[in-house]
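As structure tokens, the structure follows; a few thoughts come after it.
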Amino acid sequence: MAEIIDGEAVAAEIRADVRRSVETLREEGVVPGFATVLMSDDPASETYVSMKQRDCEEVGIEAIDVEIDPTAPETDLHDAIDELNDDPAVHGILVQLPLPDHVSEQPVLERIDPEKDVDGFHPENVGRLVTGTPRFLPCTPHGVLRLLDAADVETEGADVTIVGRSNIVGKPLANLLIQKGPLGNATVTVCHSRTENLAEKVRRAEIVVAACGVPELIDGSMLAEGATVIDVGVNRVERDGDSILVGDVAFDDARDVAGAITPVPGGVGPMTRAMLLYNTVTAASERSGVDVELP
Ligand code: GUN
């Protein structure tokens with residue numbers, strides 16, 4: 001039976017480190033500020049944004065909540081970003097995705113000041129990541145690396161299969177895992193919806209990261225005995241008349257084969273949120289010149 005990797009516990013440790021750094025900044029007169037921008041009435045997006053706001057308040061980061069009518073013209077969103085870029089009290093900006101259909105995503109991501117881009121989605125920050133000189137590590141991939149570290153899983157020389165090629169998870173995670181250095185030096189296969197023989201590619205991996213948004217796609221029969229399984233998926237499904245959350249991995253089945261596995265919820269999700277706090281404090285430290293110690 002696999003070890004369960006407890007994302008809540010690892011995230012709590014990171015939040016404690018962040019809280020200490022916030023205290024250091026505040027003692028020097030710097031109040032870290034984080035702005036969320038929500039242009040959606042999707043209940044899941046609303047929930048994610050309010051959780052991020054609450055996380056900030058818990059660690060002493062000032063949270064600013066900007067809401068834009070989802071039917072408004074995209075220039076309203078552009079104007080809101082410009083204002084936050086110019087506001088010295090704001091160190092980190094997050095525009096919650098997805099955006100409404102009439103709003104183009106890329107111009108929005110490119111409009112955010114790269115020094116405030118705590119998601120790490122601006123092309124400048126993506127480029128820095130790929131070339132091995134990152135400013136902010138994108139939150140979910142960073143969280144995945146921290147979970148592997150906490151579970152004492154060695155990435156150096158490991159065969160890793162990532163299922164999913166999104167800009168938010170699959171692509172940046174693959175880039176991080178192939179970097180030289182700690183938590184890198186892995187050999188990475190990135191699978192996607194057109195991949196042939198997915199099971200074979202998953203089965204040859206010592207570390208599997210599922211980030212494709214397909215409920216319970218990966219089951220025990222696809223895993224190597226003892227593999228480490230990180231499940232990034234969060235899918236709401238109807239089961240026996242109830243609405244429940246499941247990952248991209250069939251947890252109960254995979255658990256019998258894997259060596260270690262993250263649950264959903266309670267695995268990657270809390271880590272993504274913790275790394276956002278980490279990036280916001282890093283941004284405030286960089287902007288103010290006040291050093292903080294963040295492991
Ligand atoms: N929507 C789903 N995941 C994310 C994320 O990591 N950042 C933003 N901004 N929106 C998201």
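With the gyration tensor restricted to C-alpha atoms of the chain, the semi-axes of the equivalent ellipsoid amount to 32, 22, 18 Å, longest first. Ellipsoid fit via the Cα gyration tensor, the stretch 152-232: semi-axes of 19, 15, 10 Å, each the root of five times an eigenvalue, largest first. The alpha-carbon of residue 116 sits under 25 angstrom from the alpha-carbons of these lysines, leaving out residues fewer than 8 places away in its chain: 52, 171. Rounded to the nearest Hz, the phi-derived 3J(HN,Hα) couplings of the stretch 214-226 under the Karplus curve 6.51 cos²θ - 1.76 cosθ + 1.60 (θ = phi - 60°) are 10, x, 6, 5, 9, 10, x, 5, 8, 9, 6, 4, x, where x marks glycine and proline.
Once you keep just the Cα pairs under 8 angstrom separated by 6 or more residues, what percentage relative contact order results for the chain? Reported as a whole number, the value is 23 percent.
Each residue of the stretch 153-161 was assigned a 3J(HN,Hα) from its phi angle through the Karplus expression (A = 6.51, B = -1.76, C = 1.60, θ = phi - 60°), giving 9, 7, 8, 4, x, 7, 8, 10, 10 Hz with x at Gly and Pro. Using Cα atoms only, what is the angle between the long axis of helix 43-59 and the major principal axis of the chain, expressed in degrees (0 to 90) to the nearest 10? Between helix and principal axis, roughly 70 degrees.
Each peptide in 4-17, 159-172 was scored by the mean count of other Cβ atoms within 10 Å over its residues; highest first, the order is 159-172, 4-17. Show me, for the stretch 174-184, the HN-Hα J-couplings you get by feeding each phi into the Karplus relation (A = 6.51, B = -1.76, C = 1.60, θ = phi - 60°), rounded to Hz, glycine and proline as x. With the stated coefficients, the stretch 174-184 comes to 4, 5, 5, 5, 8, 5, 6, x, x, 6, x Hz. For residue 216, what is the net charge nearby, where nearby means another residue's Cβ is under 14 Å from its Cβ and Lys, Arg count +1, Asp, Glu -1? Net of charged neighbours comes to -3.
Where only DSSP H runs of four or more residues are counted, the chain gives -12500 deg cm²/dmol as its mean residue ellipticity at 222 nm, each run worth -39500 (n - 2.57).
Bridges between two residues of the chain, per DSSP, are antiparallel at a rate of about 15%.
Among 110-117, 264-271, sorting by the average number of other beta carbon atoms lying within 10 angstrom of each residue, highest first, gives 264-271, 110-117. Each of 30, 18, 95 has some number of other Cβ atoms within 10 Å of its Cβ, and from fewest to most they run 30, 95, 18. A simple spin-label model places the labels of residue 102 and residue 293 5.3 nm from each other, with each point 7 Å out along Cα-to-Cβ.
Remark: relative contact order (the stretch 171-295) = 18 percent; criterion is Cα-Cα distance under 8 angstrom and separation of 6 or more residues. For the stretch 105-238, averaging the sequence separation of C-alpha pairs within contact (under 8 Å, six or more residues apart) and dividing by the residue count gives a relative contact order of 19 percent. Dipole magnitude for the stretch 131-206: computed about the Cα centre from +1 point charges on Lys and Arg Cβ and -1 point charges on Asp and Glu Cβ, it is near 400 debye. Look at 216, 225 and count the other Cβ atoms within 10 Å of each Cβ; fewest to most, that gives 225, 216. Taking amide H atoms as placed 1.01 Å from N in the peptide plane, the amide H of residue 95 lies under 5 Å from those of 37, each 5 or more residues away in sequence or on another chain.
Using modelled backbone amide H atoms (1.01 Å from N, in-plane), which distant-in-sequence or interchain residues come within less than 5 Å of residue 189's amide H? The answer is 160, 161, 162. Across every direction, the projection of the convex hull enclosing the Cα atoms of the stretch 24-68 has a mean area of 3.1 nm².
Rounded to the nearest 20 debye, the dipole magnitude of the chain is 900 debye, with +1 charges on Lys and Arg beta carbons, -1 on Asp and Glu beta carbons, and the Cα centre as origin.
Each reported figure results from applying straightforward, stated rules to the coordinates on display, with no laboratory input. It should be emphasised that the depicted structure is a prediction, and the values quoted were computed from it without experimental measurement. No Cβ is skipped: glycine too gets one built from the backbone with ideal geometry, and neighbour counts run over all protein chains shown.
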